[in-house]
1. Say we look at segment B:418-431 and pick out the residues that are part of a loop (DSSP other than H, G, I, E, B) and within 14 Å of another protein chain (Cβ to nearest Cβ); which of these is most open to solvent (accessible area, probe 1.4 Å)?
2. Inside segment A:112-158, can you point out the residues that are among the polar types (S, T, N, Q), over 16 Å from the mean Cα position of the chain (by Cα) and within 9 Å of another protein chain (Cβ to nearest Cβ)?
3. Which one of A:F73, A:F34, A:F54 is at the interface with chain B (Cβ under 9 Å from one of its Cβ atoms) and surrounded by 21 or more Cβ atoms within 10 Å (Cβ to Cβ)?
4. Which of the residues spanning segment A:37-51 are part of a strand (DSSP E or B) and either facing chain B (nearest Cβ under 7 Å) or in contact with a Phe, Trp or Tyr (Cβ under 8 Å, 6 or more places away or on another chain) (or both)?
5. Do we have B:V413 as open to solvent by less than 80 Å² (accessible area, probe 1.4 Å) and within 30 Å of B:I223 (Cβ to Cβ) here?
6. Any residue in segment B:366-382 that is more than 33 Å from the chain's Cα centre (by Cα) and β-branched (V, I, T)?
7. So is A:T17 buried (at least 21 other Cβ atoms within 10 Å of the Cβ), facing another protein chain (nearest Cβ under 8 Å) and assigned to a helix (DSSP H, G or I) or not?
8. Do we have any residue at all in segment B:400-416 that's in a helix (DSSP H, G or I), in contact with a Leu (Cβ under 6 Å, 6 or more places away or on another chain), over 25 Å from B:R254 (Cα atoms) and not β-branched (V, I, T)?
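The values are calculated or read from the model by the stated rules, or taken from the named source; none is laboratory data. Just so you know, these numbers come straight off a predicted model, no measurement behind them. Positions of Cβ are generated from backbone atoms using ideal geometry, with glycine treated the same way; all protein chains shown enter the neighbour counts. Quick note on the areas: whole protein, heavy atoms, side chains included, nothing else; ligands and nucleic acids left out. Shrake-Rupley method; radii C 1.70, N 1.55, O 1.52, S 1.80 Å.
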Amino acid sequence: MAGNALKRLMAEYKQLTLNPPEGILAGPINEENFFEWEALITGPEGTCFDGGVFTAKLTFPPDYPLNPPKMQFCCEMFHPNIYADGRVCISILHAPGDDPMGYETSAERWSPVQSVEKILLSVVSMLAEPNDESGANVDAAKMWRQDREQFQKIAQRLVRKSLGLPPP
Amino acid sequence: MPALWLDRLPLPNLPAYTAISVTLLLCSVYFAVTTQDRFESDAVSRLTFAEALQRRCLLPPPVNESAHDQRTRLTDYFVLLATYPTQRALLHGFLRHKLRSDFLYWPTVATDWGEYGERAPESTASSSVFFAPTIYYRDPGAWTAALPEPSIQANLVKTLAFMIHEPLCLWTLINMAYCLLVLLGKSIQQSMFGELRVSEQTQLKDKFWNFVFYKFIFVFGVINVQHMDEVVLWCSWFSALGFLHLLTQLCRDRFEYLSLSASTPRRTHGRLLCLLSAILALSLALLVICVYVGLVASLNTFAFMAAECVLLLIRTFHTMIRYAIHLYDVAQTAQWERKGSLVYLAELMFEVTELVIDLLHHVHMLLWGNIILSMASLIICMELRHIFYQLRHRLARHSHYRRVVRYIELECVQATPADIDGDQCAICWDAMETARRLDCKHCFHATCLRRWLEQDPSCPTCRKGLDLSGQTASGQPRAQPHHRPHWQQHRGRFVSFLPSFSVEVNHTQLLRANQQEVPASQLDSMARQVQQLFPHVSLSAITEDLQQSGSMEATVENILEGSVHDHPAPPMFTSDELADDGGSWSRPDGDGGDGREEKPYRHHDRPEPALEPEPVPEPQWPEPAAPGGSRFSKSASERHTLLQRRKAAMLERARRRYLATQSDGGDSGGTVSTSSDDSGAPAASEALRPAALVGR
């Protein structure tokens, strides 16, 4: 029932508006449709994504707290756990039933006690510490492991781009 | 697949189609009016062979001849004719057309023969609209004599009768009827739904072509009709049905879309419900037609028609019930304890009934089809298989549901008030009055728990696996036994289920501390600027509000809203919704900025980011901070603008900070980020930890 999901999303929106976590902002793109949100994530300080503000889109299923939303970055990203099209690959976003990567236990996956806030914080932590074992973007994972300098250069470019600044 | 192919067919737009239809209709009416007089006067010369035959056969019999005798005489006559090979084909066509056509012509012709002698001329005329040609051919003289005087009405009837008989005119009439139907549909769409969304359009198109495809198979593959009259009748039946089906589909799509929004006006819901009830009434009317046809024609036809009709009825009713429940649910603030099971049972009932009727309908089609081994039966078999799997899946889900319900009833004890302790249900975030407690002491609403356990048998909070099969004594954990937090995968330390300790105090203090940092002179200049915009508001009130809001924009907003009064300037954030979430948090956005400044930033003694070449005397820190961002307004549009503003502010702040870092460190800006993989990440995690713990 979309009614339950709507109530819960409203509660989360309220919570996120009143107590926004550091460097994170999220809300419905359009009040007409409460099941599509956009989120702004500030790159964690002291990491290669430091300072960037990255936009992402969250799409919630109609039975929301029972199933995880989908998350996709709208800006260009280069990260081992983000697909080339911007989809985010972290275990918290995987429904309990399916196991696309074949290594997660169900304890790592979605549960209705998770929330948008926790997802976004996980994503922040993912930006800070990529998991190069689950390579959603194999090139990025390889570069992260072997050529950290180059990776940081790309990340810096993305940070500037996300802020709307011209490349240095 | 047919949908894909047909999708690309170019269709004329509606005005053009309407214009063409109307022109065609006018032409055919003109044709009918001009032709029928000539036809009457010179009937014989215009008759084709078959028509001549027909005319001959249907000439009024001698009054004393019985119907049986007459039929025998006619049959003899046909047999005689049929011996000539050249005439056989024509005769065959005629016989098929006139005598074997089951429910439109044949009975009427037969009874007319029987009663011809006794029938009064008036009754012949009045009952002859559809069957006029028969009578007409039988005796042109009687036909004209039957009409007392050639009134407009009579002329109209005559013209219509002629048009129905004449194939060309009949097609234009049918075309016009479709045109009217399309126009009706379009006007309903315009008035009820407005512009259709893209997904609705595709859904509608798919549904339409599927419907056409399957009904084509039905009419020509299953019923195997051969006469034009039957085809026309079936087509008109399916047109009406399809029209209502499409409207229902549209209503359902729109309802699903509206249910995604929290701020739909009541009027929209009302209109949609009205439309749904109209569809319901119309489908009931169709059901009555089914019964009538069933009485007149065969039981088989009735079963076919009624099945479709009942399906439509169920779908419409289902949508209405779902709608009503949704509206009730949204209006209701408290959790409605029994709702879950009620809704579930209603859904189950509707879905299973629909599937069963569909299944029976298809089995009936398969068995009744004239040829078992045909393309049509193959398609029906595929469809049947699909429906059967759906039904099986649904029933399997139901048995799973019952298992879960039993588990909750038997194994999860009712939580005591001490267990609940004013907590919220972690699944729906609503307060709990009654709850069920799992073995691991976590409590949830029974309904919420049921919905989750149907999907995954584990405790949502600690992920302890549950054994739903009933033997809980051996309830060995299925998944990870205990407390293996999901975030371990990323080795992140931010998201955790650790009990949250209060970080609010810190933030509040920071906030307060920072607020006092706004220099009085700056406050004054800001207040003066605001007052230039609103001369009617006193300076003191503005200053007071500025102290509260910390930003000019927020104050301007407040004044526009009328919440700034001259004397007792009320605190801005005092609504109850803030109270329950901790009023001290009322300006976390500004505080977000502060928090940042509090962190490594400060340690490096970087200059304030606002020290940029900005000619305008702008307030230093509060400006990029989101004004009034932390309010959670009840009005959707206001919420939206606030969010947009906060977004812009966040970007702006990040940009300034970034530029400041770059200009400050010069080279160090690069090195900070490049050298920080080992040291930076923990720093980031430290920075984020308090925020992570704010949530539940």
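1. Here the residue is B:D423.
2. A:Q152, A:Q156
3. Exactly one of A:F73, A:F34, A:F54 is at the interface with chain B (Cβ under 9 Å from one of its Cβ atoms) and surrounded by 21 or more Cβ atoms within 10 Å (Cβ to Cβ), namely A:F34.
4. A:W37, A:L40, A:I41, A:T42
5. no
6. yes
7. So A:T17 passes the test.
8. yes
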